Amino acid sequence: MKELRLVVQKFDPFSDAAPRLVEYAVPRREGMTVLDALLYARDYVDHSIGLRFSCRQASCGSCGMKINGRPRLACYTQVDELGAEKVVAQPLDNFAIIKDLVTDLGSFFQRHREVTPRLVRDDAQEQDHPTGEYLMKPEELSRVLQFTYCIKCGLCTSSCPTVATDERFPGPQALAQAYRYTADVRDQGGAERMAELDGTHGIWRCHFAGSCSYVCPKGVDPALGIQLLKRHVMSGRPPHSKDDATKVWKPAEKQQ
Amino acid sequence: MSSGAEGKAKNRRGLSGWLNPYHYNFERWAYVFQRVTGVAILAYVIGHLGDTSFFVGGPTGTGPSESSWTFISGLVENSFGHLILILVVLVVIFHGANGIRLIVSELGLILGRPSPIEYPYRPKSLRSVQRVLIWVAIALALVGTGWAVLILFGGSI
Amino acid sequence: MKESRLMLLQYSTAVLAVVLVAIHLVMQGIATPYSTAISYATILSIYRTWFYAIFLEALLVVVLVHGFNGVRIILHEWRQTAPWSRWVDLGTVVAIVATVAFGSRTVILAVFGGVAG
Ligand code: HEM
Ligand code: SF4
Ligand code: FES
């Protein structure tokens, strides 16, 4: 059987002075994902490999790591597609390392929360006790749909050059979600979100390097969302169409 | 966690995240060059303020002075100085043309609109118009450079 | 100040710079042979037209505002402590004022200064 050379960056911040690369030999089979290879190494060679995963199907966002230099989901990357003899697994850049391949996503989730990632209505009574369903037309949905697929895996934020140095920049994931809610016709929270995001460390610290969209495994295209937010702020026009701007979105009348 | 462990484990890429686009997309390289050329041009401009000031006798001069200008020309108008000028032409044209691409894109104009995803998915924001425009910027910069080489090293000086 | 205002400044100086830098390059390289363009006599005669003095002044302001505001952006992205951020903003203004003043001095003296030997 062909062998795969699997290299894992190991580092325990409590006891190790510096990260080191350790190589494991793993039997290679067709269709094997990098997560499969890592699990083999952990189960049969070195029980101490620190690893996080859950769904194994690109839905939970917990297995993000740097594979052969680029952020990817281990469960969604086949060894064969890398076209390399050697697979190098390292923790995601820009996130604190907990141990080996496990990074701390806590502050990343906090950034997400800070952009108010939910629909906001001016009317507090209506917000808590809606009088009906808020229906969207298909074209209105398609304006935000791809951004709703975000699984918060952190790949985009680890690829971002601004995040590499700017600790106050929310990062592509949070900004894409700011777009997702602001561009939703049912939302009225855009002005408040933008008050924060039009500051020194907001959307303008994006320079459209596009790496976030390049690495996103879910087709979210954060760079697109961020540029559309910039257009929204620069033009003063809502990110949805002009017609929507003039009317306040109302709950649909109860059917029956 | 002790603060020492925290520092070691922080793992932000730092300046290499700005300067090393390896493993990433083509547009990321354009980002690096936009930044590096911007700073380089500014450095040149500041120097250029210095050398042009010798037209009026240097920083402490009081009016047009031919001897002062002849002095500075002797220092900067040589093969090395002209090589610098050619590099400046190269980076200015790239920075300017790529800058126009960035302005237009950052105002959301040539990106396309969000749409339902079909696999295999290619991000709309990275569709081919971006790469084409970056190549146009590179081509314009090279043409301008060729022109500068002709003028400065073409023997017609 | 809203950052979008400063980016509007960055974009508009960029667009102006395209025009002004292009004129500058053409005047130095195409309109006249390079050696003539940089000769003392040519510069003296051109400088003393109002049109060219105003053009140079515009080039000066536009390019320096754009360039130093660009560096301000880079420095904010580099570090984020409160004193750093304050000094970066202040330093940007000081740098623009100082360099524009120095460049303007050259232009003004070239136009109005007494001609020395
Ligand atoms: C010729 C026309 C020019 C155009 C169209 C232009 C365009 C631009 C644009 C659009 C940006 C923002 C890029 C972004 O959002 O990431 C930028 C940044 C910058 N520009 Fe220019 N520029 C020009 C000339 C200059 C000149 C002459 C200088 C030097 C004095 C300069 C220095 C800079 C600097 C330092 C930055 C910041 C770089 C960064 O943030 O990555 N530019 N330019
Ligand atoms: S936008 Fe994409 S890459 Fe970023 S966290 Fe969401 S799913 Fe992951
Ligand atoms: S294990 Fe859930 S995304 Fe990979």
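Computed over the Cα atoms, what is the radius of gyration of chain B divided by 2.2 N^0.38 Å, N being its residue count? Can you show the working numbers first?
Working: Rg = 22.4 Å, N = 157, 2.2 N^0.38 = 15.0 Å.
Compactness ratio reported: 1.49.
How large is the helix-only mean residue ellipticity at 222 nm for chain B, computed as the sum of -39500 (n - 2.57) over DSSP H runs with n ≥ 4, divided by its residue count, in deg cm²/dmol to the nearest 500? Display every interim value, and only then the final one.
Numbers: 6 runs with 105 residues, N = 157.
Using -39500 (n - 2.57) per qualifying helix, the result is -22500 deg cm²/dmol.
Is the C-alpha gyration tensor of chain A telling us rounded, prolate or oblate? Criteria: a/c under 1.5 is rounded; beyond that, a/b larger than b/c is prolate, otherwise oblate.
Working: a/c = 2.56, a/b = 2.07, b/c = 1.24.
Prolate, because a/c is 1.5 or more and a/b exceeds b/c.
Between B:Glu118 and A:Glu114, what FRET efficiency follows from the Cβ-Cβ distance if R0 is 41 Å, with the result rounded to 0.05? Write out the running numbers ahead of the final one.
Numbers: r = 32 Å, r/R0 = 0.78.
Efficiency for this residue pair is about 0.80.
Going toward the positive end of the dipole of the stretch A:23-142, with +1 on Lys and Arg Cβ and -1 on Asp and Glu Cβ, which of A:His112, A:Val45, A:Pro91 do you reach last?
A:Val45
Exceeding 23 Å between C-alpha atoms, which entries from my cross-link table qualify? They are A:Lys66/A:Lys230; A:Lys152/C:Lys2; A:Lys218/B:Lys124; A:Lys137/C:Lys2. Walk me through the numbers on the way to the answer.
Numbers: A:Lys66/A:Lys230 30 Å; A:Lys152/C:Lys2 29 Å; A:Lys218/B:Lys124 13 Å; A:Lys137/C:Lys2 34 Å.
Table pairs above 23 Å Cα-Cα are A:Lys66/A:Lys230; A:Lys152/C:Lys2; A:Lys137/C:Lys2.
For chain A, modelled as a GNM with alpha-carbon contacts under 10 angstrom, which of A:Ser59, A:Ser15, A:Ser158 fluctuates the most?
Comparing A:Ser59, A:Ser15, A:Ser158 in a Gaussian network model of chain A, the most mobile one is A:Ser15.
Using amide H atoms built in the peptide plane, which far-off residues or other-chain residues are under 5 Å from A:Leu4 H to H?
A:Val26, A:Arg28
Give me, ordered by chain and number, the residues 5 or more places off A:Thr77 or on other chains with an amide H under 5 Å from its own placed amide H.
A:Val34, A:Leu35
Once the dipole of chain B is set up with Lys and Arg at +1 and Asp and Glu at -1 on Cβ about the Cα centre, which of B:Gly63, B:Trp29, B:Val92 lies farthest towards its positive end?
Checked the options; the winner is B:Trp29.
Might you work out the accessible area of A:Cys63 for me, using a 1.4 Å probe with all protein chains in place, and round it to the nearest 10 Å²?
Only protein atoms counted, so the area is about 10 Å².
How big is D, in µm² s⁻¹, for chain C by Stokes-Einstein at 20 °C and 1.002 mPa s if Rh is the Kirkwood radius over C-alpha pairs?
On the way: Rh = 16.2 Å.
Using the Kirkwood radius from Cα pairs, D works out to 132 µm²/s.
Taking θ as phi - 60°, what are the ³J(HN,Hα) couplings along the stretch A:201-210 by the Karplus curve (6.51, -1.76, 1.60), each to the nearest whole Hz, with x for Gly and Pro?
10, x, 4, 6, 7, 7, 10, 6, 6, x
Hey, what did chain A get for relative contact order, percent, Cα under 8 Å, at least 6 apart? Write down the numbers at each step before the final one.
Values: 436 pairs, mean separation 45.6, N = 256.
18 percent.
Please work out the C-alpha center-to-center distance from the stretch A:133-164 to the stretch B:110-124 and express it in whole Å.
What the calculation gives is 12 Å, centre to centre.
If packing is taken as the mean number of other Cβ atoms within 10 Å per residue, what is the order of B:40-51, C:65-76, A:21-32, highest first? Present the calculation step by step, with values, prior to reporting the outcome.
Working: B:40-51: 16.8, C:65-76: 20.3, A:21-32: 14.2.
For the peptides B:40-51, C:65-76, A:21-32, the packing ranking is C:65-76, B:40-51, A:21-32.
When you look at the Cβ of every residue in B:102-113, what mean number of other chain Cβ atoms sits within 10 Å? Show your work: numbers first, answer last.
Details: counts 5, 6, 1, 7, 12, 8, 12, 2, 1, 7, 2, 5.
The shielding value for this peptide is 6.
Place a +1 charge on the Cβ of each Lys and Arg in chain B and a -1 charge on the Cβ of each Asp and Glu, then give the dipole magnitude about the Cα centre in debye, rounded to the nearest 20. If you can, show how the numbers build up before the last one.
Details: 12 positive and 7 negative charges, 208 e Å.
Dipole of chain B, to the nearest 20 debye: 1000 debye.
Give me the distance in nm between label points sitting 7 Å out from Cα along the Cα-to-Cβ direction at A:Arg29 and C:Ala98, one decimal.
If labels sit at A:Arg29 and C:Ala98, their model points lie 6.8 nm apart.
Spelling out what I want: for every residue of the stretch A:113-129, take phi, set θ = phi - 60°, compute 6.51 cos²θ - 1.76 cosθ + 1.60 (Karplus), and round to whole Hz; glycine and proline get x.
So the J values, rounded to whole Hz, are 4, 5, 8, 6, x, 7, 6, 10, 10, 4, 8, 5, 4, 5, 4, 8, 10.
Show me, for the stretch B:22-31, the HN-Hα J-couplings you get by feeding each phi into the Karplus relation (A = 6.51, B = -1.76, C = 1.60, θ = phi - 60°), rounded to Hz, glycine and proline as x.
Each residue of the stretch B:22-31 in turn: 4, 6, 10, 7, 4, 4, 5, 5, 4, 4 Hz.
Please identify the cysteines of chain A that lack any partner cysteine with a Cβ under 4.7 Å from their own Cβ.
Among the cysteines of chain A, those whose Cβ sits 4.7 Å or more from every other are A:Cys63, A:Cys75, A:Cys150, A:Cys153, A:Cys160, A:Cys206, A:Cys216.
Nearest 500 deg cm²/dmol is fine: what mean residue ellipticity at 222 nm does chain C get from its DSSP H runs of n ≥ 4 alone, each adding -39,500 (n - 2.57), divided by its residue count? Kindly include the intermediate steps, with their values, before the conclusion.
Working: 5 runs with 96 residues, N = 117.
The helix-only estimate for chain C comes to -28000 deg cm²/dmol at 222 nm.
If you restrict to DSSP beta bridges whose two residues both lie in the protein assembly as shown, what percentage is antiparallel, to the nearest 5? Could you put the intermediate results ahead of the total?
On the way: 17 of 22 bridges.
Of the beta bridges lying entirely in the protein assembly as shown, close to 75 percent run antiparallel.
Would you mind working out the magnitude of the charge dipole of the protein assembly as shown relative to its Cα centre, with +1 at each Lys and Arg C-beta and -1 at each Asp and Glu C-beta, to the nearest 20 Debye? Before the final figure, lay out each step's value.
Details: 53 positive and 44 negative charges, 88 e Å.
Roughly 420 debye for the protein assembly as shown.
Excluding ligands, DNA and RNA, what is the solvent-accessible area per residue of the stretch B:24-153 at a probe of 1.4 Å, expressed in Å²?
Details: 6130 Å² over 130 residues.
Each residue of the stretch B:24-153 exposes 47 Å² on average to a 1.4 Å probe.
Hey, got the dipole for the stretch C:3-112? About the Cα centre, +1 on K and R Cβ, -1 on D and E Cβ, debye to the nearest 20?
Numbers: 6 positive and 4 negative charges, 29 e Å.
Using Cβ point charges on Lys, Arg, Asp and Glu, the stretch C:3-112 gives about 140 debye.
Shielding by partners for B:118-130, please: the mean number of other protein chain Cβ atoms within 10 Å of each residue's Cβ.
Numbers: counts 1, 1, 1, 7, 4, 13, 6, 13, 8, 1, 0, 0, 2.
Taking all residues of B:118-130 together, the mean is 4.
Measuring from centroid to centroid over Cα atoms, what is the spacing of the stretch C:22-76 and the stretch A:185-222 in Å?
After rounding, the separation between the Cα centres reads 37 Å.
First select every other residue whose beta carbon is under 15 angstrom from the beta carbon of A:Ala209; then total the charges, Lys and Arg +1, Asp and Glu -1. Write out the running numbers ahead of the final one.
Working: positive: A:Arg70, A:Arg205, A:Lys230, B:Arg13, B:Arg28, B:Arg35, B:Arg101, B:Arg131; negative: A:Asp93, A:Asp166, A:Asp221, B:Glu27, B:Glu106, C:Glu77.
Once positives and negatives cancel, what remains is +2.
Would you grab the residues whose amide H sits under 5 Å from the one on B:Asn11? Only those 5+ places off in sequence or on another chain, please, with H modelled 1.01 Å from N.
Amide H neighbours of B:Asn11, under 5 Å, 5+ apart: none.
Less than 15 Å Cβ to Cβ from C:Glu57, Lys/Arg counted +1 and Asp/Glu -1: what total charge do the surrounding residues give? Don't jump to the answer; show the numbers that get you there.
Numbers: positive: C:Arg48, C:Arg105; negative: none.
Charge balance near C:Glu57 sits at +2.
At a 1.4 Å probe radius, carbon and sulfur cover how many percent of the accessible area of the stretch B:1-145? Can you show the working numbers first?
Working: 5020 of 7110 Å².
Percent of accessible area from carbon and sulfur atoms in the stretch B:1-145: 71.
Provide a whole-number value for the mean count of partner chain Cβ atoms within 10 Å of the Cβ atoms in peptide B:53-63. All intermediate terms of the calculation are to be shown ahead of the outcome.
Numbers: counts 6, 1, 10, 11, 4, 1, 3, 0, 6, 5, 8.
If you average over the peptide's residues, the count of other-chain Cβ atoms is 5.
Please work out the Cα center distance from the stretch A:1-54 to the stretch B:77-99, rounded to the nearest Å.
So the separation of the two Cα centres works out to 49 Å.
Along its three principal axes, how long is the protein assembly as shown when you only count alpha carbons? Whole Å, largest extent first please.
86, 65, 44 Å, listed from the longest principal axis down.
Give the shape of the stretch A:73-154 as rounded, prolate or oblate, defined through the alpha-carbon gyration tensor: a ≥ b ≥ c are the square roots of its eigenvalues, a/c under 1.5 means rounded, and otherwise the shape is prolate if a/b is larger than b/c and oblate if not.
oblate
Could you work out [θ]222 nm for chain A from helices alone, using -39500 (n - 2.57) per DSSP H run of at least four and dividing by all its residues? Round to the nearest 500 deg cm²/dmol. The partial results should precede the final answer.
On the way: 11 runs with 81 residues, N = 256.
Here the helix-only value at 222 nm equals -8000 deg cm²/dmol.
Which peptide among A:84-94, B:131-141 comes first, and what is the full order, when sorted by highest mean count of other Cβ atoms within 10 Å?
Details: A:84-94: 20.1, B:131-141: 16.3.
Result, highest mean Cβ count within 10 Å first: A:84-94, B:131-141.
With an 8 Å Cα cut-off and a minimum separation of 6 or more residues, compute the relative contact order for the stretch A:3-103 in percent. Could the numbers behind the result be given before it?
Numbers: 190 pairs, mean separation 34.9, N = 101.
So the answer I get is 35 percent.
Considering the options C:Gly29, C:Val111, C:Ser85, tell which one lies farthest towards the positive end of the dipole of the stretch C:3-112, charges being +1 on Lys and Arg and -1 on Asp and Glu at the Cβ, about the Cα centre.
C:Val111
For q = 0.12, 0.13 Å⁻¹, what log10 I(q)/I(0) does the stretch A:1-133 give under the Debye formula with an equal point scatterer on each alpha carbon and no solvent?
Values, matching the q order: -0.54, -0.60.
The values are calculated or read from the model by the stated rules, or taken from the named source; none is laboratory data. All values derive from a computational prediction rather than experimental measurement. With ideal geometry, Cβ positions are generated from the backbone for all residues, glycine too; neighbour counts draw on all protein chains shown. For the accessible areas, the whole protein counts, side chains as well, though only heavy atoms, and no ligand, DNA or RNA atoms are used. Shrake-Rupley method; radii C 1.70, N 1.55, O 1.52, S 1.80 Å.
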